[in-house]
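All remarks here apply to the structure that follows.
The values are calculated or read from the model by the stated rules, or taken from the named source; none is laboratory data. Quick caveat: nothing in here was measured; it's all calculated off a predicted structure. No Cβ is skipped: glycine too gets one built from the backbone with ideal geometry, and neighbour counts run over all protein chains shown. Just the protein is used for accessible areas: all its heavy atoms, side chains included, with ligands, DNA and RNA removed. Shrake-Rupley method; radii C 1.70, N 1.55, O 1.52, S 1.80 Å.
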Amino acid sequence: MMAGEVRIEFDPTSQAILLRGDSHSILRHPLFGTYLRSAGAHVLQDAISLPTDEQALHARYQELTKLIGRSGFTLIEGGDGGTLAKVRREEDDFKTFAAAAAAIWRSEVDTDNFASFVARVNVACPARTFYRKQLLAAFHLAFAQNACNFSVPGAGKTSIVYAAYAYLAGLPPEDPRNVDHLLIVGPLSAFKAWEDEFKEIFGRAARSKRIAGFVSPSDRSAYLRGVSYTGRAIELTLTTYASLAANLEEFKTFLGSPLHRTMVVLDEAHNIKRQDGYWSNAAMELAPLARSRVVLTGTPAPNGYEDLANLFRFIYPKRNVIGFSSAALKAMSGGAMPAGIDRLKDRIRPFYTRIRKSDLGLSPASESRPLVDLSPKHRRIYDGIERTVLPQLRSAIQGGRSSLVRARLMRLRQAAVNPALLLRPLEEEGLLDPDGVASFSVAELEIADLVSTFDPHSELNRLSVATDLVRKIISEQGKVVIWSYFVGNLALLKQALEGAADFVEVVTGSTPVADDTSEIEEELALPTRESLINRFHAAGETSILIANPQAVGESISLHKACRSAIYFDRDFNAGKFIQSKDRIHRYNPVPLGDVSYHLLMAEGTLDTAINRRLIQKEQRLSELVDAEEIPLFTLEDEETEQGADVRAILEDYERRKTI
């Protein structure tokens, strides 16, 4: 061989790649040599041996061919008529396949093939009319079999999966693309949505099985190992990331069984973004056993481009689709390697689809801000708390005591929203202070007597404004959802609204989720989240649902029943606010009409600062979410954001003092 030439061969006996060429020159090269040494290569008499088993051969071949080119060497093909030759052919085929997959999302599709796909989906899914971008995304997934969907919340990602599944399930059993089972891994709260959507799309209830902590170990094992005869008729299995990781070997047995040709779907897949995380590792081990692999998340890169690595590793476990190390991806997120970002996007473009909110053609949404006057006692309480808290906030921000800021902000919000909450420990709201200093003592304040005697039923004007608004909406529309960030307000609202509708109920993060036999409701003598949501949707009934956004704002869909939401109070978290708004503003094949949000605000309180900051944050987040490319949510860090929030409160206070 000539100097500067490198030939790659594979030795199945030693399970190693052999690099033939000038070993001395190769190892002396700063880039190529460093890579080989870190990968455990060693020098033989006539070659460099690099340990590589057949499972890792594709990824290693990609890395080496790229390194050879970047290091100035010339790759000489040939020299291996077996395994490596097959890898080369598959690499060429994959490049052709990737180009075709990318073309689909550009609408460069074979018209006849697409028409045939749509016709088969329409027959298999008689109860659903899909819009064009949903059909393109489903066609892309059916063609690729392994793909990510990064569409915004409410775009119908579940429907897209079912459309692709329907097509693949309709292929002949001998077709290597055929699937006959769905395994959904996601939050417990999403189980009902998957089952409901199945029924709406296919016109029948799914034969489903839920695997989570409420299922006995013996039942879980019998089902996953195929011992349970009744389990063989199941077509939809739903589990959580925690249950998958805790029962990994049994899930591997389940997917490895000849009884199943399974499409595995990771819902809210940002849960596996951590490198070498417990859940991430379980998903990666399961991936090679799936017939088809799907990743769903509207926030694929919440912290940086490095969050993408596991998503693409899952859909193609034997290939290095990303093509960059974690260190390189982090550097891109930090602003370094700008040229690498374009290369990254080019590499992953064929393997994901993304529908933006502007693509959905949603009904218009409007916001109103009903103003609330504080009662005289409420005003004295708020002003007293504000005089105590604002100097502490200013001092805490200057001293970088973020946990103290959180506790003080919480108390100031409680004073504005409902002073009766000040008597409750923050622990009862699920708002623990990491420093162990939950709050100041109300008993030490000059307004302590006012707080202790405050009656929200008669002295909280916010409550009367909310109940009047609820009754108006109920009389016109029949259904409304009310959001409050404080658990203490939920019971207050329910009590005040008893009798205002046929159904008035509270849903929080602690509301139990039913198992697939629905026995939990009987055992606990408590309604489940499923039963409450079903009752809220019931036709012919007026309904009021009261919930807290931080617990259920991203896990329930109400858009097919409700088009009005009331925000009893809000906080500075724009992400949770947007997620809660999306509960009623999503794609609906039969839209109910315009959506309205009613944001209650108390004049002369921090509500004004919260409103101003949320408008700024929501605009920034909305621009990111609606971007054509993958949205990179690299917003300010928590302390910086918190500091800006506090400054907005202080500025608003100074402005009020000068009026």
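Only one of Gly79, Gly21, Gly40, Gly72 is open to solvent by 50 Å² or more (accessible area, probe 1.4 Å), on the phi > 0 side of the Ramachandran plot and at pLDDT 85 or above. Can you tell me which?
Gly72
Go through the residues of the stretch 216-227 one by one and say whether even a single one is of a type in the set (A, V, I, L, M, F, W, C), surrounded by fewer than 22 Cβ atoms within 10 Å (Cβ to Cβ) and more than 20 Å from Arg291 (Cβ to Cβ).
yes
Since Val109 meets every condition but one in (1) among the aliphatic types (A, V, I, L, M); (2) part of a helix (DSSP H, G or I); (3) surrounded by 17 or more Cβ atoms within 10 Å (Cβ to Cβ), which condition does it not meet?
Val109 satisfies every listed condition except (2).
Would you mind stating whether Glu63 is in contact with a helix residue (DSSP H, G or I) (Cβ under 8 Å, 6 or more places away or on another chain), open to solvent by 80 Å² or more (accessible area, probe 1.4 Å) and in contact (Cβ under 8 Å) with a residue 24 or more places away in the chain? Before the answer, list the steps.
Numbers: in contact with a helix residue (DSSP H, G or I) (Cβ under 8 Å, 6 or more places away or on another chain): yes; open to solvent by 80 Å² or more (accessible area, probe 1.4 Å): no; in contact (Cβ under 8 Å) with a residue 24 or more places away in the chain: yes.
No: the conditions fail for Glu63.
Can you pull out the residues in the stretch 472-493 that are under 22 Å from Gly509 (Cβ atoms) and more than 30 Å from the chain's Cα centre (by Cα)?
Leu492
Among the residues of the stretch 26-68, which ones are farther than 15 Å from Phe324 by Cα and of a type in the set (Asp, Glu)?
Asp46, Asp53, Glu54
Please give the helices (runs of 4 or more DSSP H) falling wholly within the stretch 486-558 in which 3 or more residues are open to solvent by less than 60 Å² (accessible area, probe 1.4 Å) and modelled with pLDDT of 80 or more.
Answer list for the stretch 486-558: 487-497, 529-537.
Test each condition in (1) open to solvent by 30 Å² or more (accessible area, probe 1.4 Å); (2) of a type outside the set (Lys, Arg); (3) at pLDDT below 90 for Pro173 and report the one that comes out false.
Every listed condition holds for Pro173 apart from (3).
So that you can scan it fast, the table gives a plain yes or no per residue for (1) out of contact with any Gly (no Cβ under 9 Å at 6 or more places or on another chain); (2) basic (Lys, Arg); (3) closer than 14 Å to Leu18 by Cα; (4) in a helix (DSSP H, G or I):
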site	(1), (2), (3), (4)
Gly40	yes, no, yes, no
Gln45	yes, no, yes, no
Gln55	yes, no, no, yes
Tyr61	yes, no, yes, yes
Leu64	yes, no, yes, yes
Ile68	yes, no, yes, yes
Gly72	no, no, no, no
Leu84	yes, no, yes, yes
Val87	yes, no, no, yes
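Regarding the stretch 260-267, can at least one residue be identified that is of a type outside the set (A, V, I, L, M, F, W, C), open to solvent by less than 50 Å² (accessible area, probe 1.4 Å), farther than 27 Å from Ile201 by Cα and touching a residue at least 60 places away in the same chain (Cβ under 8 Å)? Walk me through how you get there before you give the answer.
Let us first name the residues in the stretch 260-267 that are of a type outside the set (A, V, I, L, M, F, W, C), namely 260-262, 267.
Subset that is open to solvent by less than 50 Å² (accessible area, probe 1.4 Å): 260, 262, 267.
With farther than 27 Å from Ile201 by Cα added as a condition, the list becomes none.
No, the stretch 260-267 contains no residue that is of a type outside the set (A, V, I, L, M, F, W, C), open to solvent by less than 50 Å² (accessible area, probe 1.4 Å), farther than 27 Å from Ile201 by Cα and touching a residue at least 60 places away in the same chain (Cβ under 8 Å).
Being open to solvent by 30 Å² or more (accessible area, probe 1.4 Å) and either closer than 15 Å to Val265 by Cα or more than 20 Å from the chain's Cα centre (by Cα) (or both) is the filter here, so list the residues in the stretch 185-196 that pass it.
Selection gives Pro187, Leu188, Ala193, Glu195.
Do you know which of the residues in the stretch 292-319 that are out of contact with any His (no Cβ under 8 Å at 6 or more places or on another chain) and open to solvent by 30 Å² or more (accessible area, probe 1.4 Å) is modelled with the lowest pLDDT?
In this case the residue turns out to be Asn303.
Which of the residues spanning the stretch 198-215 are assigned to a helix (DSSP H, G or I) and surrounded by fewer than 19 Cβ atoms within 10 Å (Cβ to Cβ)?
Of the stretch 198-215, the ones assigned to a helix (DSSP H, G or I) are 198-202.
Within the stretch 198-215, Lys199, Glu200, Phe202 qualify.
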